[in-house]
1. Six or more apart or on different chains, Cβ under 9 Å: which pairs go from a residue in segment 346-358 that's in a loop (DSSP other than H, G, I, E, B) to one that's among the basic types (Lys, Arg)? Could you list them?
2. Name the residue that is farthest from the chain's Cα centre (by Cα), counting only residues in segment 192-207 that are farther than 20 Å from Asp354 by Cα and in contact (Cβ under 8 Å) with a residue 60 or more places away in the chain.
3. Looking at Lys22, is it under 28 Å from the mean Cα position of the chain (by Cα), in contact (Cβ under 8 Å) with a residue 60 or more places away in the chain and surrounded by fewer than 16 Cβ atoms within 10 Å (Cβ to Cβ)?
4. If I filter segment 87-103 down to residues being within 16 Å of Lys115 (Cβ to Cβ) and outside any helix (DSSP H, G or I), which single residue comes out as farthest from the chain's Cα centre (by Cα)?
5. Report every pair of residues separated by at least 6 positions or lying on different chains whose Cβ atoms are under 9 Å apart, first residue within segment 279-300 and assigned by TED's automatic domain parsing to the domain that holds Ile316, second hydroxyl-bearing (Ser, Thr, Tyr) and assigned to a loop (DSSP other than H, G, I, E, B).
6. Quick one: is Glu74 of a type outside the set (A, V, I, L, M, F, W, C) and either surrounded by 11 or more Cβ atoms within 10 Å (Cβ to Cβ) or at pLDDT 95 or above (or both)?
7. Could you tell me which of the residues Ala58, Ala80 is in the same structural domain as Arg144 (by TED's automatic domain parsing), hydrophobic (A, V, I, L, M, F, W, C) and either modelled with pLDDT of 85 or more or within 30 Å of Asp283 (Cβ to Cβ) (or both)?
8. What's the number of the condition Ile184 fails, among (1) in contact with a helix residue (DSSP H, G or I) (Cβ under 8 Å, 6 or more places away or on another chain); (2) closer than 30 Å to Ser76 by Cβ?
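The values are calculated or read from the model by the stated rules, or taken from the named source; none is laboratory data. Source: prediction; values computed, not measured. Every residue, glycine among them, receives a Cβ derived from its backbone with ideal geometry; neighbour counts consider all protein chains shown.
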Amino acid sequence: MKGVPKELQYVTLNKVLSRMPKPSSLIFTNLFDSVEYPSDQIRWLLEYGTAGISPFVAPGAPSPVMGDDGMFGEGSAACAYWKEKVFLEEVMLNNMKDPMNPTVRQTARRQLARKQKRLKNRSMRRREWMLAKAFFDHKINYQREGGVKFTVDYGVPDSHQVTLTGDDVWNDGTGSPGATATPIRDIYDMKKEFVDDVGVNPTDFFINSELLTTLLFNTDLQDLLKKSNFGDGDLFARPAQVLGNLLGLGSLTIYDDLFELGAWMTQDVASGSTDIHIDDATDFEAGARVRLFDLTKYRTWEDYVIDSVDILNNTITLTSAVSKKYTAGRCRVVMRKKLINDTTVGMFARSVDDEKIAEFMEAPFGLGRHFGLYADTKEEWDPDGIWMRVQNKGLPVIYHPEALYTLTVG
């Protein structure tokens with residue numbers, strides 16, 4: 001393509017993207033390996049319990065066939081595919097080739113680098129979203145060809161998805177614990193059940209800052225600190241390390257990364273309505289806050305909470321009625337949400353019997369059978385410019401579902 005600057009040629013573009021650092025906040029992306037899989041129909045082995053032991057036999061006797069002491073199964077799913085593009089208009093592209101003014105060239109190249117970085121970060125955050133959903137929600141929803149909605153359930157046992165109710169909750173909604181709440185006992189109970197079921201100690205414990213605050217000011221924890229080698233000053237200066245050591249949690253991570261997504265309204269919304277039809281409701285979640293933007297007016301929006309989501313009909317229902325009317329195609333719904341809920345505690349072991357419990361399978365896509373993050377470009381005739389696109393395709397797989405545990409505490 002003769003009109004494409006050398007910075008946007010496929011080889012250069014992908015080399016630049018590969019050298020751009022990943023966002024440091026994307027913990028799961030850096031924690032688990034990627035593996036190329038030959039097809040977009042992924043199959044993997046599910047294994048529950050691996051602490052088998054070989055039997056004694058008499059010398060000279062034939063070896064018995066290895067018994068499946070654990071429960072085995074097979075998981076399979078079609079891979080998820082995600083992509084995004086941005087338009088590079090002709091003025092910026094011409095400035096990149098300005099023969100007379102190095103400042104203009106440098107400014108245009110910096111603009112290109114920022115757009116490349118944003119595309120890469122957004123694509124990487126989608127991958128992080130998939131891994132976080134697999135580990136903390138134990139399932140993911142996504143869209144396939146023809147708008148078909150697809151769900152992968154990773155088979156985590158119900159006994160490892162515990163929800164506290166009644167007076168046992170850590171926060172009753174007023175900032176106070178329930179009358180019979182025992183956070184420290186709950187943590188030890190989940191750890192004990194984990195070790196009894198899996199046969200190894202958990203290596204990682206995840207909460208977000210909101211839940212950390214609940215723990216920090218819990219009276220039972222404060223009393224325990226008075227009897228330990230840690231003081232209050234240490235607790236508030238380095239809470240993750242102090243809590244991790246005090247409660248024997250291994251690596252305690254305070255994980256606050258979030259994602260933002262938007263959708264266009266596809267039907268007009270009348271004042272007083274609670275139902276909103278959008279172009280894709282797949283990633284929207286009940287309980288999350290959404291902001292409704294009227295793009296025909298400057299800085300005009302309303303904030304609401306989602307009551308329920310219908311991903312088949314692409315509808316979200318709000319907990320309260322909207323006070324304004326909104327026009328389809330001109331108004332937008334935006335949701336910002338943390339990858340770990342304010343009421344979720346997550347625990348897992350990175351490996352069982354020296355085998356990593358999870359990997360990210362990368363599947364081939366495009367005519368060139370590309371794997372992983374891949375960028376390309378396409379010229380546009382009217383208006384003059386170039387589309388720059390970033391794509392990826394893959395799926396997290398979990399080999400040891402039993403090695404995950406989540407506790408919902410409020």
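1. Listed pairs, sorted by first residue: Arg350/Lys356; Ile357/Arg350.
2. Selected residue: Glu193.
3. Spelling it out, Lys22 is indeed under 28 Å from the mean Cα position of the chain (by Cα), in contact (Cβ under 8 Å) with a residue 60 or more places away in the chain and surrounded by fewer than 16 Cβ atoms within 10 Å (Cβ to Cβ).
4. In this case the residue turns out to be Met96.
5. Once the first residue is assigned by TED's automatic domain parsing to the domain that holds Ile316 and sits in segment 279-300, its partners that are hydroxyl-bearing (Ser, Thr, Tyr) and assigned to a loop (DSSP other than H, G, I, E, B) give Asp279/Thr266; Phe293/Thr300; Asp294/Thr300; Asp294/Thr327; Thr296/Thr327.
6. no
7. One residue alone meets the criteria, Ala80.
8. Answer for Ile184: the failing condition is (2).
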